[in-house]
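K.L.:
Take a look at the following structure, please.
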Amino acid sequence: MASHARQLLADRYKLLTPFRRDGGGIMWQAHDLRLKRDVAIKEVQPPYRVDVADLPAARRQALGEARSAARLSHPAVITVHDLLEDKGRLWIVTELLRGLTLGATVRHLGRLPVHWTAWVGFQLLSGVRHAHAMGVVHGDIRPANVMLTEDRVVLTDFGIAAFDRDSGGSATVPVGRSGAYLAPERLRGKGLAPAADLWSFGATLYCGVEGRSPYPATESLPDAALLGREPEPPRRAGILRPLIEGLLRHDPDERLTVEQAMPVLVDVLRRQGIPAAAPGRTAAGELPSRTAPKPSGAHPHGRSSGHGWPLAPGELTTGHFHDAESRRRDNPYLPALTTGPRRPGPPRLP
């Protein structure tokens, strides 16, 4: 990766530092020389199972999907600035987000409070609903593709799953990258549909409250789905358990839809006294507050934040997360420990 540093793409984007790599490609911090701003650029690489002969068609498909993603405009969806091909390689230019992924947060801090997970889930599902309304299916929703910034929950990596689409079989499913979060029908080689995103969304919620994927690490992920085994029931999901189980139904026709899942999340948040402000800009042009008022529910481990407030990104306090501050010394993007959240504006529920 270092060999690409300072490389100039399309006579416009200067690659600076690689900061993330997974099965879908390498993410770089880069500088847009034309608009004088820092951006993120991902070199899109196919999953390792794509045949060489199919690579050109896969790249064209990915480019088309990225163009579709570029039409999306929603605070919970990554903003795509540009698409380009340079020396036969495909690159996607997006806004540069500063924060931590949900997956990294769980790895550092362990399982998360139920109402905190519900609030993140509401923001995330709002972005998914917008994408589906625009005819875009993500195809790879997982904790590693959910970014938590200071004031947003953002779904990233749109367009990458296009390598898997219309493949005619399971050979191109990126099991090594995100098999634990792929719907069973996708692991069987069936096409990508909105219902598959709902399974992945449910698995992501599961990870938030349980601290791991729906399948134990010792179990073969593809075999578990192919043999029709149900995911291990969530034990710490509390009032989110019916929703998660409804999203993780193996039959996509029986799985909860976006329109069925959204009211459930709203109801959960209302019962906790948390304003589930729909992501979007207010009349003043600012994002609604991400913090929440004092809830009636307790911390899932028998502890509250110490102030009776839900624990939100950037506002973790003592208790279960007592060692988070020491871990932050190694990673400055971990949520900081504070004495309490900011007061939110009035609730805005759908």
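Taken together, the values in this text are just the output of simple stated rules run on the coordinates, not laboratory data. Since the model is a prediction, treat every value here as computed from it, not as a measurement. Quick reminder, even Gly has a Cβ in these numbers, built from the backbone with ideal geometry, and neighbours come from all protein chains shown.
K.L.:
So, by mean Cβ neighbours within 10 angstrom, what's the order for 144-155, 9-20 with the highest one leading?
P.N.:
Numbers: 144-155: 21.2, 9-20: 15.6.
Highest to lowest by the protection proxy: 144-155, 9-20.
K.L.:
Measuring from label point to label point, each 7 Å out along Cα→Cβ, what is the residue 10 to residue 267 span in nm?
P.N.:
4.6
K.L.:
Ranked by Cβ crowding within 10 angstrom, fewest neighbours first, how are 248, 8, 187 ordered?
P.N.:
Ordered from fewest to most neighbouring Cβ atoms within 10 Å, 248, 8, 187 come out as 8, 187, 248.
K.L.:
Could you order peptides 85-92, 27-34 by the average number of other Cβ atoms within 10 Å of their residues, highest first? Write out the running numbers ahead of the final one.
P.N.:
On the way: 85-92: 15.6, 27-34: 18.2.
Descending mean neighbour count gives 27-34, 85-92.
K.L.:
A further question follows. Compute the distance in nm between two label points, each set 7 Å from the Cα along the Cα-to-Cβ direction, one at residue 250 and one at residue 38.
P.N.:
Going from the residue 250 label point to the residue 38 one covers 4.7 nm.
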